[in-house]
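This report concerns only the one structure given below.
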Amino acid sequence: MDKKRIKTGRNLIGAAAMMFLLWGGQPAYAADDVHLDLSKGDIEISSDGYRQNGGEEKDGPEDGSYVITSDGRETGNVVTVASGKRHSIIFDEVRITTPPDKGNPLYIAPKSKVSLTLKGTNILRSEGYAGIAVPKEATLMIGAQKGGSLDAWTGQASASAGIGGTLRDNQGNDTASADCGTIEINSGVIHASSIGKGSTGAAAGSGTLSSGDDGTAWIDTGSVSAGKSEFVSGVLFDGAEGKVY
């Protein structure tokens, strides 16, 4: 397929995906949600609570979500899910750009599960780490409210992914490998420099990219190294190759 046909295909499929997304969505904020302004400092989420900017730990939401925003302003602060049960997080106009020595804009520790809902435009970029770190044994599930989007980018493609494996955690410790865990994308417009593992990962195709039966995500990524056998519904561009699932 020549470049002109690829571009035309992208435009047509992208338009179709956007039509689906405009009708998608999730409920509004719950009364138990914890609202946090990322511009006020790094956020660390543990099993039962959170701390910000090195302060004392506070109770997390019992039945709601962590609603995190930077109001569309760029910040160098990061979000770390250090441990624990499944966490629900909403990113509402979050824009993070970190220098090479800062950390992953969003880091999910192994054995942790995060359900991430996108609201508005969200940009997570790192010069030295993954945009969103999903190391081996970690799980990330992405959905979106109406029109929610994500741009996840790494400047260290030799060792970290846009979404997936990373070279170091947010404490600066080397990870066991650059392999990734499970990434499930069910809705949203996702742009990523790569999905899966950094190139120093041990095995090709480590980790999993999956979706639900009724997913309507539009995913445009430079490359996908995670296994795609469980990706069953959505639109996926793996480099120049586009496919409707």
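The values are calculated or read from the model by the stated rules, or taken from the named source; none is laboratory data. Keep in mind it's a predicted model, so treat the numbers as computed, not measured. Positions of Cβ are generated from backbone atoms using ideal geometry, with glycine treated the same way; all protein chains shown enter the neighbour counts. Surface accessibility is based on the protein's heavy atoms, side chains included, excluding ligands, DNA and RNA. Shrake-Rupley method; radii C 1.70, N 1.55, O 1.52, S 1.80 Å.
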Quiz prompt | Of the criteria (1) open to solvent by 40 Å² or more (accessible area, probe 1.4 Å); (2) free of Cβ contacts under 8 Å to residues at least 40 places away in the same chain, which one Ser211 fails | solution = (1)
Practice problem: Any chance you could count how many residues in the range 156-198 are open to solvent by less than 20 Å² (accessible area, probe 1.4 Å), among the β-branched types (Val, Ile, Thr) and not in a loop (DSSP other than H, G, I, E, B)? | Solution: 6
Exercise. Go over the candidates Ser88, Ser47 one by one and state the one that is closer than 29 Å to Gly212 by Cα, among the small types (Gly, Ala, Ser) and assigned to a strand (DSSP E or B).
Key: Ser88
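Suppose the filter is part of a strand (DSSP E or B), farther than 22 Å from Glu184 by Cβ and modelled with pLDDT of 95 or more; does Thr80 pass it?
On the way: part of a strand (DSSP E or B): yes; farther than 22 Å from Glu184 by Cβ: no; modelled with pLDDT of 95 or more: yes.
So Thr80 does not fit the description; no.
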